[in-house]
Amino acid sequence: MIDVIADYGHILLIIGCFCGFFMAWGIGANDVANAMGTSVGARALTLGQAVLVACIFEFAGAYLAGGEVTSTIRKGIIDSGVINQTPELLVFGMIASLLAAGIWLLIASYFGWPVSTTHSIVGAIVGFAAVGIGFDVVQWPKVASIVASWVVSPIMAGTISFLLFTSVKQLILQKPDPFMSAKKYVPMYMFLAGFIVSMVTFLKGLKHVGLSFSTSQSIAWSLVIALVICLMGTLLLQKIDNTKKEKNGAMFDGVERIFAVLMVFTACAMAFAHGSNDVANAIGPLAAIVSVINSGGEVAAKSILPAWVLLIGASGIVLGLGMLGYRVMMTVGRSITELTPSRGFAAELAAAGTVVIASGTGLPISTTHTLVGAVLGVGLARGIGAINLGVVGKIILSWIVTLPVGAGLSILFFFALKGFFGS
Amino acid sequence: MGNDTFLGMLAESPFTGLQEHMKIGNKTSKELQRFLKAVSKNDWKEAKECRKEIVSLENQADDIKNSIRNNLPKSLFMSVSRQDLLDLVFTMDGIPNAAKDISGVMIGRQMLIPEEIKSGFIDCANAAIKAANQASNAVKKVDQMQRSGFSSSDANLLEDIVSELEKIEKKNDELEIALRTEFFKVEKEYPPVDVMFLYDVINKIGSLADISQTVGHVLIRLVSK
């Protein structure tokens, strides 16, 4: 049995890397645009800036805070004890899952269906494991908690964005002088964004890089980082003035310029959050393949994530973003006028916070669906003129359809690989 | 591939169309003012020009009204009630319509305003036009309220604007009554058919003020969700 690994190990590794890269490319081409589109659409970032922010912070997120989700995808869904005797099946299955999810994403992008990379890969892994290997191989309680998080995360993001935008209304927009109030309170939101992101990173992320902090140390460091970010923001805000002659009825132009600066920060947080959660969709399966092959067939082998695996994921994303993603962002940027920075930031910060917390807990969730929930939350707080519930329905439907399709495709590829390598 | 990211859920804001419609309505009432001035001076060349402009503006307003209505599917989740919004657009559309009706009857019959009531007539019409302008101000305010997320202080400001509008409408009512009384005294000196149509125009001017006031009331209902 272990012979397959010994005989074909290198070929399987190359195929695995290729598929992982392909998947990451797909995430970069499509998914990143969803995460960054809000900022580009609100004119807080130019296209070039958005690509740059995405590259840096996606990578940082994946490297510094992506460990938990990667390990869930890699060994949380499948019970490694049960398949210890047949490690090649895990390798076949993970390759099949990457192929299935990657191809499904490609098809969906072509037709313009808003599918989620997370749902595709989880559906694919559960599919090949339950049908190809055995029903008991799947850790159903873990899968149940992942599925539950898919329902909870948009609701949580929606609640947070509702509260955030309500607080913006109370503290800034409805004050007699919204401009001065914005200068006063916006750094507070920057602090919040910085604190959540660094807190999750210190508590959960850095141990995968080999650094360990206690809870109180984490809190202290997060506070310091958040304060630095807050001060940086305050300095940036000082440059913005209100002296520009503002036409009657446009008294919120200056306020929105302040929120646009805030949105640069939340865009970074969003890219970081996305990197910490969604990059694992490509890296997780690859990490499983690499660890089995490198250890010569040990499934439960405890090894840390090799840096080059991460590099494949990160470069795949950057390449996808450079080849297609920027075009998606460009379309998004042109098409929305409704999501002004004061609204966009609330949606982004709520989604980024939710995703980053999920990353810390090791739950693979969909960034896009979380953002959908967050935008709805702002809408409920009467922040957005009109939301097309038809499109929201389409998103929810594609979410449900993706699971069986991802599973079906990966079962197909799994048996094809198994037959080809003659196990 | 393309514009199918989740941001497709952000539908075009109905408030943009509302403001556009309001601007057209505002232009129409200004044009009506010019028209009445020309008529009172017996300058039919100028009046014809104004009338042409009013008709074209009214058409534009209709187009905007239709595009707002057609872009409001039931699946839209809005920060205001859909029904109230539709009511508002239809009420607002009454302003250019009234201007078109008034100018239409007057130009079609080459209507002369009797000297005895000329100043009363112009005053009454000006009050109605002022009401229409005030209605536009109220609609303009709603755009700002939308940007601030509908605060209660904004709602108070809107109520101030509308109560001013009510005052103007009341003033118009009083002027209309005075005008009718004045005209009643001299109506027998004029051809009966002309008299009938002049009363019709006075009615229409009164309804311009009424419609403007209704715009204000629907607006208050719209924002107080």
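When you go through B:LYS204, B:LYS141 one by one, which is the residue that is under 20 Å from B:GLU20 (Cα atoms) and either in contact with a Leu (Cβ under 8 Å, 6 or more places away or on another chain) or more than 14 Å from every other protein chain (Cβ to nearest Cβ) (or both)?
Values: B:LYS204 fails: under 20 Å from B:GLU20 (Cα atoms).
So the residue among B:LYS204, B:LYS141 that is under 20 Å from B:GLU20 (Cα atoms) and either in contact with a Leu (Cβ under 8 Å, 6 or more places away or on another chain) or more than 14 Å from every other protein chain (Cβ to nearest Cβ) (or both) is B:LYS141.
Residue check: is A:ASP7 of a type in the set (Asp, Glu), part of a helix (DSSP H, G or I) and within 14 Å of another protein chain (Cβ to nearest Cβ)? Show your work before the answer.
Values: of a type in the set (Asp, Glu): yes; part of a helix (DSSP H, G or I): yes; within 14 Å of another protein chain (Cβ to nearest Cβ): no.
It is false that A:ASP7 is of a type in the set (Asp, Glu), part of a helix (DSSP H, G or I) and within 14 Å of another protein chain (Cβ to nearest Cβ).
Applying the selection to region B:144-153, what residues are surrounded by 15 or more Cβ atoms within 10 Å (Cβ to Cβ), facing chain A (nearest Cβ under 7 Å) and part of a helix (DSSP H, G or I)? Reasoning before the result, please.
Within region B:144-153, the first condition is being surrounded by 15 or more Cβ atoms within 10 Å (Cβ to Cβ), and the residues that meet it are B:144-151.
The next check asks that each one be facing chain A (nearest Cβ under 7 Å); those that pass are B:144, B:146-151.
Scanning region B:144-153 gives B:GLN144, B:GLN146, B:ARG147.
Yes or no: A:LEU98 out of contact with any strand residue (DSSP E or B) (no Cβ under 7 Å at 6 or more places or on another chain), closer than 22 Å to A:ILE5 by Cα and surrounded by 24 or more Cβ atoms within 10 Å (Cβ to Cβ)?
On the way: out of contact with any strand residue (DSSP E or B) (no Cβ under 7 Å at 6 or more places or on another chain): yes; closer than 22 Å to A:ILE5 by Cα: yes; surrounded by 24 or more Cβ atoms within 10 Å (Cβ to Cβ): yes.
Yes.
Working only within region A:38-89, note down all residues that are among the basic types (Lys, Arg) and in contact with a Ser or Thr (Cβ under 8 Å, 6 or more places away or on another chain).
First, pick out the residues of region A:38-89 that are among the basic types (Lys, Arg): A:43, A:74-75.
Of everything in region A:38-89, just one residue is among the basic types (Lys, Arg) and in contact with a Ser or Thr (Cβ under 8 Å, 6 or more places away or on another chain), namely A:ARG74.
Looking at A:GLY360, A:GLY383, A:GLY390, A:GLY377 in this structure, which one is at the interface with another protein chain (Cβ under 10 Å from one of its Cβ atoms) and part of a helix (DSSP H, G or I)? Give the derivation first.
Working: A:GLY360 fails: at the interface with another protein chain (Cβ under 10 Å from one of its Cβ atoms); A:GLY383 fails: part of a helix (DSSP H, G or I); A:GLY377 fails: at the interface with another protein chain (Cβ under 10 Å from one of its Cβ atoms).
It is A:GLY390.
Being assigned to a helix (DSSP H, G or I) and within 20 Å of the chain's Cα centre (by Cα), is that true of even one residue in region B:175-191?
We begin by selecting, within region B:175-191, every residue assigned to a helix (DSSP H, G or I); these are B:175-189.
Filter once more, keeping what is within 20 Å of the chain's Cα centre (by Cα): B:175-176.
Within region B:175-191, one or more residues are assigned to a helix (DSSP H, G or I) and within 20 Å of the chain's Cα centre (by Cα).
Among the residues of region B:51-67, is there at least one that is under 22 Å from A:GLY379 (Cβ atoms), more than 11 Å from chain A (Cβ to nearest Cβ) and among the aliphatic types (A, V, I, L, M)?
Within region B:51-67, none of the residues are under 22 Å from A:GLY379 (Cβ atoms), more than 11 Å from chain A (Cβ to nearest Cβ) and among the aliphatic types (A, V, I, L, M).
Among the residues that make up region B:125-136, is at least one of them within 11 Å of chain A (Cβ to nearest Cβ), within 23 Å of B:ILE95 (Cβ to Cβ) and of a type in the set (Lys, Arg)? Give the derivation first.
First, the residues of region B:125-136 that are within 11 Å of chain A (Cβ to nearest Cβ): none.
No, every residue in region B:125-136 fails to be within 11 Å of chain A (Cβ to nearest Cβ), within 23 Å of B:ILE95 (Cβ to Cβ) and of a type in the set (Lys, Arg).
Test A:SER161 against the stated conditions and say whether it is surrounded by fewer than 24 Cβ atoms within 10 Å (Cβ to Cβ), within 14 Å of chain B (Cβ to nearest Cβ) and among the hydroxyl-bearing types (Ser, Thr, Tyr). Lay out the reasoning, then the answer.
Working: surrounded by fewer than 24 Cβ atoms within 10 Å (Cβ to Cβ): no; within 14 Å of chain B (Cβ to nearest Cβ): yes; among the hydroxyl-bearing types (Ser, Thr, Tyr): yes.
The answer is no for A:SER161.
Taking B:SER163 and the conditions (1) within 14 Å of chain A (Cβ to nearest Cβ); (2) exposed (fewer than 14 other Cβ atoms within 10 Å of the Cβ), which numbered condition does it fall short on, given that it satisfies the others?
That leaves (1) as the condition not met.
Only one of A:VAL138, A:VAL131, A:VAL91, A:VAL115 is surrounded by fewer than 22 Cβ atoms within 10 Å (Cβ to Cβ) and either out of contact with any strand residue (DSSP E or B) (no Cβ under 7 Å at 6 or more places or on another chain) or within 14 Å of chain B (Cβ to nearest Cβ) (or both). Can you tell me which? Give the derivation first.
Values: A:VAL138 fails: either out of contact with any strand residue (DSSP E or B) (no Cβ under 7 Å at 6 or more places or on another chain) or within 14 Å of chain B (Cβ to nearest Cβ) (or both); A:VAL91 fails: surrounded by fewer than 22 Cβ atoms within 10 Å (Cβ to Cβ); A:VAL115 fails: surrounded by fewer than 22 Cβ atoms within 10 Å (Cβ to Cβ).
Result: A:VAL131 is the single residue among A:VAL138, A:VAL131, A:VAL91, A:VAL115 that is surrounded by fewer than 22 Cβ atoms within 10 Å (Cβ to Cβ) and either out of contact with any strand residue (DSSP E or B) (no Cβ under 7 Å at 6 or more places or on another chain) or within 14 Å of chain B (Cβ to nearest Cβ) (or both).
Spot the failing condition for A:ILE396; the list is (1) touching a helix residue (DSSP H, G or I) at 6+ places or on another chain (Cβ under 9 Å); (2) free of Cβ contacts under 8 Å to residues at least 60 places away in the same chain; (3) facing another protein chain (nearest Cβ under 8 Å), and only one is missed.
(3)
Do the conditions hold for B:PHE15, that is, is it within 14 Å of chain A (Cβ to nearest Cβ), in contact with a Leu (Cβ under 8 Å, 6 or more places away or on another chain) and aromatic (Phe, Trp, Tyr)? Walk me through it before giving the result.
Numbers: within 14 Å of chain A (Cβ to nearest Cβ): yes; in contact with a Leu (Cβ under 8 Å, 6 or more places away or on another chain): no; aromatic (Phe, Trp, Tyr): yes.
Taking the combined requirement at face value, the residue does not satisfy it.
Every read-out reported here was derived from the displayed coordinates using simple, explicitly stated rules and does not represent laboratory data. Computed from a prediction, not measured in an experiment: that's the story for all the values here. All Cβ positions, even for glycine, are placed from backbone atoms using ideal geometry, and neighbour counts span all protein chains on display.
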